[in-house]
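Worksheet for the structure shown next.
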Amino acid sequence: MWLCAIALFTIHCSLFISCKTEDDTIVYKDSRRWVKKTVAVVAPLNDPIMKARLERTAEWMLQNLHNAQLHDTLCIDLKLEWYDEYGNDLKSLGERLANRDDLLAVIGPFDSDNVEQLAPYCQQTKKPLILPTATSETVIRRFAITSTGEGQQPFLWSLTETDVSLSELFMTYYANYLTLVGGKTISGTGATQAALYAPAGTYGQTFVEWAPFQANELGIGFKVCEQYADTTSFYQSLREYYNDIGSVVGASMDIAQFLVVQDVKQVYDISCIRCRWWGFEPEDYNDGIKPLIVIWSPVFYVLPNITDEAIANLGPLGSIMTDEYQGFSPYADPMTGFEMSYEARYNTKPTFAECKFYDALLLAAFASSYMEHHTNVDNLNNAIIDICTTDNLLSGHAWSEAGMELYLSALEQGELLGFKGASGPVQFDSQCYTAALNTTYVNWYFNEGKIYHRGYYSSSGNAQTGQTLASWNYLVKDAEKKFDNNYSKTIVPMTYPDLTSQYAVLVQGSNGWSNYRHEADVLSIYQMLKANGYSDDHIILITADDCANAPENKDAGTVRTDPNGKNLRQGAVIDYRNADLTPQDICNILKGVKTDKTPVVLPVDAGQNVLFFWSGHGRSAAINGINEMAWRDLSAGQGMTADLLAETLQSMADAHQFRQMLVCLEPCYSANMGQALEGIPGVLAICSSGPYEQSFADSWSNELGVWMCDRFSRNLIGHVTEFPNGTYRDLYLYCAQHTLGSHVGIYNYTNFGNLYTIGPKDFFVKNK
């Protein structure tokens, strides 16, 4: 998927470049009319370096815009109001800006965590919110899917693909690196010992959630995958990791770290940690030991906005210690010529933020001009859609003065050209509009205190080809091939007693309003079973039951998996509130052990099929120290552990308490639970996610402020409902290809049956 763009290039004259001679004269229109438009810029002004860079970038762009319009009859006079995203109460600021009729748009915030605070206010009034550098998958997807569709108006315009794309890039780069350093394949190397560290918050969350999924696709496994709360804990964890992998120094040449950091100082600090691990002090660092320290357990950094000034601030030792370290950042497509022009103008390279900020100003100006020329377009959001979805292939780089002039002149004459800005094409997803389709990434490295570029990458090869899906719509590749490689068609049929009855035990392991989706998913399974003939005395329903009548519920008395869906709480007969139970009580319910706390239990019947569904949060030994499905808000170790579940089901199998059991597990890292069930006869586990992977929520409700369901459950229920006679292979392929962001898995099939010939009907549809 990732193709390298040309690193060394020649900028040719394009559509928007025209040669001028000394005899050229500029004709100024006597009837020229200037229309003032005000844009609020919410930016990281607390950083003196970034503040100075953004201000000079804005000055350059606005001067180009002014000069480019001197031939036109209608001109946009763009005025900027600056606000510090770290020096304001963003909720209060967002409310003020969103309700100002005199404000054309808001550009920023630049930080994903800050977008999460300000965006809801712009969403309420549909104030255009243009995001230069926000790359959190959760934030962008949340506002994309709740702001578009029938009756909705998009308002958020993200100019950078989410970090799902960047995560995939460095995973792929590492896989290629292993091949280049010795013709090695992933298998048999230290790849299963890799580490990923990302900062706490919504920004780092994307990497921690998506990298394991993508690494799984490439055959890479993580020893560590975590978010760090502060630099102290980050560095301590890194030291422990080095001590652990250092026991096999030779192999560690292949063991990578992917470190998402926030400033160049962290690169320097980590270099010092690595130096001391080898027994040297930073002051002793020299060209003789540098290759060993840099190449050993190679580091791939993610650092969005690096500057020569920041490196210089580290001093001479900082320049030496950061030498030869490399990483990745979103950037500008070099073919636009913006990087070259910027470097010639300011004697340094632009940052990612400056490239995208320039385009954010362009987008506001161009959409505003379009709206002034088309009186039928009544708001900037619709204008942005029009100028960024044109089918006109005639286009050029419209960021320079000459480029702007031709673009705006064409617009004034009624012609809409393709829009390419400083960083490349400005295009948005055709389904949700708000997500950027094209981002170029640069592989940078430090050398003698300066930043250099090794190559440029994009998901479309050259950042010129539009895609139809946002980056979070990342499909599992070759699902059918993988299934056929992993599961046999010729398994010996299992011998089971005749089917006598069917039961279901449905468990919500979480509680609280924020976990609305878990209660909704359990109730959704319940309602499906009732519709398929199950009676309440054959369903044991265990939920928190705290959402329908929660004070936060503006749709009082209801629980839904979709804003327009049916009320799943209506008519539901709940056997237990999970506040009254423990995981051991769940085990008693499964094993048919009646106690004062568990009067309703499964019967003991060797001919019964049992569906066991669990929705909630999960933990992984590699990340949280233990493999378990969490129980309510209790700490690690107090949930349904993999060992406890396995012991319970093995005990039931030994006592012939069921004919078959289908275990469907929704929590994060649920593969760890499924793997623990291997070897138990009559049990099949279908799990939502791999051992390092998140299980993603779906369908955000802006009105309620919660996710309404989980992707895996939605797909499971949807397929079984539409194809009740389908095989397990059919169910797997559907879930695998539609449960975006995690790998659905099936476990213990050799002790259950042939997945090609049998299906789950006897668990979901009552046998008449």
* Asked: What list of ³J(HN,Hα) couplings, whole Hz, do you get for segment 32-43 from phi and the Karplus terms 6.51, -1.76, 1.60, once you set θ to phi - 60° and write x for glycine and proline?
  -> 4, 10, 9, 10, 7, 10, 9, 10, 8, 10, 9, 9
* Lys/Arg +1, Asp/Glu -1 at C-beta; the chain dipole; positive extreme among I586, A606, F752 -> A606
* Asked: Residues of the chain: accessible area per residue at 1.4 Å, in Å²?
  -> 38 Å²
* Non-local amide H neighbours of Q227 (under 5 Å, H modeled in plane, Pro and chain starts lacking H): which ones? -> A198
* Estimated dipole of the chain in Debye, rounded to 20 [Cβ of Lys and Arg +1, of Asp and Glu -1, Cα centre] -> 1240 debye
* Each label point is 7 Å from the Cα along the Cα-to-Cβ direction; what then is the distance between the points at S430 and N447, in nm? -> 4.2 nm
* Counting Lys +1, Arg +1, Asp -1, Glu -1, what net charge surrounds Y728 among other residues with beta carbon under 15 Å of its beta carbon? -> 0
* Structure fact -> Here, N564 and D287, labelled 7 Å along Cα→Cβ, have an inter-label distance in nm of 6.9 nm
* Structure fact -> Of K37, K489, ordered by accessible area with the largest first and a 1.4 Å probe, the sequence is K489, K37
* To do: Loop only per DSSP, at most 14 neighbouring Cβ atoms within 10 Å: give me the chymotrypsin sites (Phe, Trp or Tyr not before Pro) in segment 195-231, ordered by residue number.
  => none
* Inter-label distance for A556 and K766, nm, one decimal - labels placed 7 Å from Cα along Cα-to-Cβ -> 3.4 nm
* **Too-long pairs where the Cα-Cα distance tops 31 Å, listed order kept, from K127/K420; K126/K566; K91/K450; K127/K265; K126/K349** => K91/K450; K127/K265; K126/K349
* To do: Subtract the Cα-Cα distance of A606 and N702 from 0.36 nm times their separation in residues, and report this length gain in nm to one decimal.
  => 29.8 nm
* Got a sec to turn the phi values of segment 652-661 into Karplus ³J(HN,Hα) couplings, 6.51 cos²θ - 1.76 cosθ + 1.60 with θ = phi - 60°, whole Hz, x for Gly and Pro? -> 5, 5, 5, 8, 6, 8, 7, 8, 9, 10
* Scan around D710 for amide H atoms under 5 Å from its own, H built in the peptide plane at 1.01 Å from N, and keep only partners 5 or more places away or cross-chain. => D698
* Asked: Calculated FRET efficiency, N46 and I385, Cβ-Cβ r, R0 30 Å, to nearest 0.05?
  -> 0.30
* Nearest 20 debye, what's the magnitude of the dipole of segment 304-442 about its Cα centre given +1 on Lys and Arg Cβ and -1 on Asp and Glu Cβ? -> 160 debye
* Unsatisfied cross-links (Cα-Cα over 31 Å) in the set K489/K530; K530/K554; K554/K761; K481/K530; K290/K356; K223/K597 -> K489/K530; K554/K761; K481/K530; K290/K356; K223/K597
* Asked: Working out 0.36 nm times the residue gap between Q650 and F280, then minus their Cα-Cα distance, what length gain in nm do you get to one decimal?
  -> 127.8 nm
* Using +1 at the Cβ of each Lys and Arg and -1 at the Cβ of each Asp and Glu in the chain, identify which of H374, V559, A364 lies farthest towards the dipole's positive end. => V559
* To do: For the chain, give the percent of accessible area contributed by carbon and sulfur heavy atoms, probe 1.4 Å, rounded to a whole number.
  => 48 percent
* **Estimated [θ] at 222 nm from DSSP helical runs (n ≥ 4, -39500 (n - 2.57)) normalised by residues in the chain, nearest 500** => -10500 deg cm²/dmol
* Of the peptides 625-635, 368-378, 492-502, how do they stack up when ordered by the mean number of other Cβ atoms within 10 Å, highest first? -> 625-635, 368-378, 492-502
* Using the 2.2 N^0.38 Å rule of thumb for compact globular proteins, work out how segment 58-110 stacks up: its C-alpha Rg over that value, please. => 1.44
* To do: Would you please put 665-672, 572-579 in order of how densely packed they are, using the mean number of other Cβ atoms within 10 angstrom per residue and starting with the highest?
  => 665-672, 572-579
* Structure fact -> Nearest-0.05 FRET efficiency for K481 and N549 at R0 = 60 Å, using Cβ-Cβ distance, is 0.80
* Structure fact -> On the formula 1/(1 + (r/R0)^6), with r taken between the Cβ atoms of R345 and V492 and R0 of 60 Å, the FRET efficiency rounded to 0.05 is 0.25
* Structure fact -> Descending packing, highest mean Cβ count within 10 Å first, for 99-111, 679-691, 58-70 is 679-691, 99-111, 58-70
* Structure fact -> Between the residues F723, A175, I387, the Cα farthest towards the positive end of the dipole of the chain, that dipole coming from +1 and -1 charges on the beta-carbon of Lys, Arg, Asp and Glu, is from F723
* Structure fact -> Any residue on another chain or 5+ positions along whose placed amide H is under 5 Å from the amide H of V35 is listed here as C75, I76, D77
* Could you give the dipole magnitude of segment 579-679 about its Cα centre, charging the beta-carbon of Lys and Arg +1 and that of Asp and Glu -1, in debye to the nearest 20? -> 100 debye
* Structure fact -> Relative contact order as a percentage, the chain, C-alpha pairs under 8 Å and 6+ apart, gives 12 percent
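The values are calculated or read from the model by the stated rules, or taken from the named source; none is laboratory data. Bear in mind that the values here come from a model prediction, so they are computed numbers and not experimental data. When we count neighbours, we look across all protein chains shown, and the Cβ atoms used for this are built from the backbone with ideal geometry, even at glycine. To get the accessible areas, we keep the full protein, side chains included, count just its heavy atoms, and leave off ligands, DNA and RNA. Shrake-Rupley method; radii C 1.70, N 1.55, O 1.52, S 1.80 Å.
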